[in-house]
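Report on one structure; see the data block that follows.
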Amino acid sequence: MNNLLPTIYLVRHGETAWSLSGQHTGLTDLPLTERGERNARRLGQQLAGLHFAKVFTSPLQRATRTCELAGFKPVAEVDRDLVEWNYGDYEGLRSVEIHAKQPRWELFRDGCPGGESPLQVAARADQVLNRARGIPGDVLIFSSGHFLRMVAARWLGLEPVGGEYFALDTASVSALGFENTKNHPVIRFWNNTSHVDI
């Protein structure tokens, strides 16, 4: 990475029972599975040798535990803006169950009844990115899949619906950065799971 241009590293939390079953997990505060904990430890090895000016984590235990097992708890700050999408009435449901009632539903276009709209989630992502841009040096963020996908879309200047194009696996590492100048935001790499025990 270019030492003069900072990088924002994004870590999706390790596996939970609901991420394994495909259930939408917004504000339900689930623990990591045993494999989720194992892969969170491996994240620490993946990130070893990197220096971060700031580390932030969602307050939800799946993110804070991933952060802890990766070795960053002592320096991490909790940021409530990093919580996952509030799925409202769709909390705990799998996409196939939602599509049985709403066949044309798309999260990044429609949001969730009783929960957050794409614009609301995008506004939180913008706040996170604005804070990160003001930090001199690299930043490490622990959060959840759909929220981090929105962060990627907003980093590139895309509308909220653009988040649908950035799939993320559990315990993955991604990096947002710049090419040549701070006027050219790019994705340096995306969804790296080379350290994950499948």
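Listed values, structure above:
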read-out: The listed residue being within 18 Å of Asp29 (Cα to Cα), charged (D, E, K, R) and more than 16 Å from the chain's Cα centre (by Cα), out of Glu106, Glu84, Glu97, Glu91; value: Glu91
read-out: Meets criteria (within 17 Å of Phe147 (Cα to Cα) and in a helix (DSSP H, G or I)) for Asp81; value: yes
read-out: Odd one out for Pro136 among (1) over 27 Å from Lys73 (Cα atoms); (2) touching a residue at least 24 places away in the same chain (Cβ under 8 Å); (3) of a type outside the set (S, T, N, Q); (4) open to solvent by 60 Å² or more (accessible area, probe 1.4 Å); value: (1)
read-out: The stretch 162-189, subset open to solvent by less than 60 Å² (accessible area, probe 1.4 Å) and in a helix (DSSP H, G or I), residue nearest to Arg124 (Cα to Cα); value: Gly163
read-out: Those residues of the stretch 140-161 which are of a type in the set (Val, Ile, Thr) and crowded, with 22+ Cβ neighbours inside 10 Å, in sequence order; value: Ile141, Val151
read-out: Test: residue in the stretch 58-72 that is surrounded by 14 or more Cβ atoms within 10 Å (Cβ to Cβ) and of a type in the set (Lys, Arg); value: yes
read-out: Residues of the stretch 146-194 satisfying the condition of being at pLDDT below 95 and either closer than 19 Å to Gly134 by Cβ or in contact with a Ser or Thr (Cβ under 9 Å, 6 or more places away or on another chain) (or both); value: Thr181, Lys182, Asn183
read-out: In the stretch 1-44, residue surrounded by the most Cβ atoms within 10 Å (Cβ to Cβ) [restricted to those that are among the acidic types (Asp, Glu) and touching a residue at least 24 places away in the same chain (Cβ under 8 Å)]; value: Glu15
read-out: Of the criteria (1) closer than 22 Å to Ile187 by Cα; (2) assigned to a helix (DSSP H, G or I); (3) not small (Gly, Ala, Ser), which one Asp89 fails; value: (1)
read-out: The lone exception for Leu119 - which of (1) open to solvent by 50 Å² or more (accessible area, probe 1.4 Å); (2) in contact (Cβ under 8 Å) with a residue 12 or more places away in the chain; (3) not in a helix (DSSP H, G or I) it fails; value: (3)
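The values are calculated or read from the model by the stated rules, or taken from the named source; none is laboratory data. These numbers were taken from a predicted model, which means no experiment stands behind them. FYI the Cβ positions are ideal-geometry reconstructions off the backbone, even for glycines, and counts take in every protein chain you see. The accessibility values were calculated without ligands, DNA or RNA, using every heavy atom of the protein model including side chains. Shrake-Rupley method; radii C 1.70, N 1.55, O 1.52, S 1.80 Å.
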